[in-house]
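Please read the structure below before turning to the comments.
The values are calculated or read from the model by the stated rules, or taken from the named source; none is laboratory data. All figures in this text were calculated on a predicted structure; none of them were measured in a lab. A quick note on method: Cβ atoms are made from the backbone with ideal geometry, for glycine too, and the neighbour counts reach across all protein chains shown.
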Amino acid sequence: MCDDSFLSDLPSSLKSDKPKIVDEFEGKIKSIDALFCLEEGHYWICAKVESVSCFGDWFYISCKKCGKKVDKLNNQFYCSGCQNFDGFGSMRYMLKLEVFNGTSTAELILWDKECAHIMQKKALEVNGAEVISANIVPKEIEQCIAVKNFLFKIVLRNEDEFLSMKSYNVKKVVTDVDIIKKHSANLLSNLEASKKALSYEDMFLEECNNLSQIVEEVTRTL
Ligand SMILES: [Zn+2]
């Protein structure tokens, strides 16, 4: 992939998300568990990113005119929407996140605008983007997104049949630490509780370990 074959099209959303977004989610933040019984619409969730992966590739090349995904043919890009060949295309993010709110997990799909907002750079500017193969999420992306709390505006559609298996499209991400903190009290206490649950599990495993050592000693003396 050659640098000059991409247009620079840094989304205008790479600014602070503070001013207008606050009113939008005031009182509209739901837990992941609650999503299963809600009406179609847009909702916000506050969750921690457990893992960052992708659906095959972490980016795609889009048409500079219509934004559709293009196919690369002989160093040119073909857009089926414009039915046109072009030497230019835009590299765009396309990520899959697994998020956790302390009690439930959900799979989220993040598109270019939202990823660029978190990364504060476009896909082409990711370290080694042009040499890294498409199906491996670059370390820089993982470091920037994983194990962090965000507010996600997701789309809930009734036609999705398998509720437990579906992925939610993300329409907006809030990365502002103060805003997240203000709205993540529930999340933080849930995460804290789940940590405690884990440590009980660890204690149990430790007990099992001790017990097996005792059993081993006893059987040796028999
Ligand atoms: Zn096109």
Return the residues of the range 58-100 that are hydrophobic (A, V, I, L, M, F, W, C) and more than 16 Å from the ligand (Cβ to nearest atom); say none if nothing qualifies.
Trp58, Phe59, Met94, Leu95, Leu97, Val99, Phe100
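Name the residue that is nearest to the ligand (Cβ to nearest atom), counting only residues in the range 101-115 that are out of contact with any Leu (no Cβ under 6 Å at 6 or more places or on another chain) and among the hydrophobic types (A, V, I, L, M, F, W, C).
Here the answer is Trp111.
Is it true that Cys79 is in the same structural domain as Trp44 (by TED's automatic domain parsing), farther than 24 Å from Thr175 by Cβ, without any contact (Cβ under 8 Å) to a residue 60 or more places away in the chain and crowded, with 18+ Cβ neighbours inside 10 Å? Working first, answer last.
On the way: in the same structural domain as Trp44 (by TED's automatic domain parsing): yes; farther than 24 Å from Thr175 by Cβ: yes; without any contact (Cβ under 8 Å) to a residue 60 or more places away in the chain: yes; crowded, with 18+ Cβ neighbours inside 10 Å: yes.
Considered against the rule, which asks whether it is in the same structural domain as Trp44 (by TED's automatic domain parsing), farther than 24 Å from Thr175 by Cβ, without any contact (Cβ under 8 Å) to a residue 60 or more places away in the chain and crowded, with 18+ Cβ neighbours inside 10 Å, Cys79 comes out as yes.
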Name the single residue, out of those in the range 56-68 being over 20 Å from the mean Cα position of the chain (by Cα) and surrounded by fewer than 16 Cβ atoms within 10 Å (Cβ to Cβ), that is farthest from Leu97 (Cα to Cα).
Lys65
Restricting attention to the range 78-109, which residues are of a type in the set (Gly, Ala, Ser) and not in a strand (DSSP E or B)?
Ser80, Gly81, Gly87, Gly102, Ser104
Scan the range 39-48 and tell me whether some residue there is exposed (fewer than 15 other Cβ atoms within 10 Å of the Cβ) and either within 16 Å of the ligand (Cβ to nearest atom) or part of a strand (DSSP E or B) (or both).
yes
Being aliphatic (A, V, I, L, M) and outside any helix (DSSP H, G or I) is the filter; apply it to the range 110-129 and report the residue that is modelled with the lowest pLDDT.
Ala129
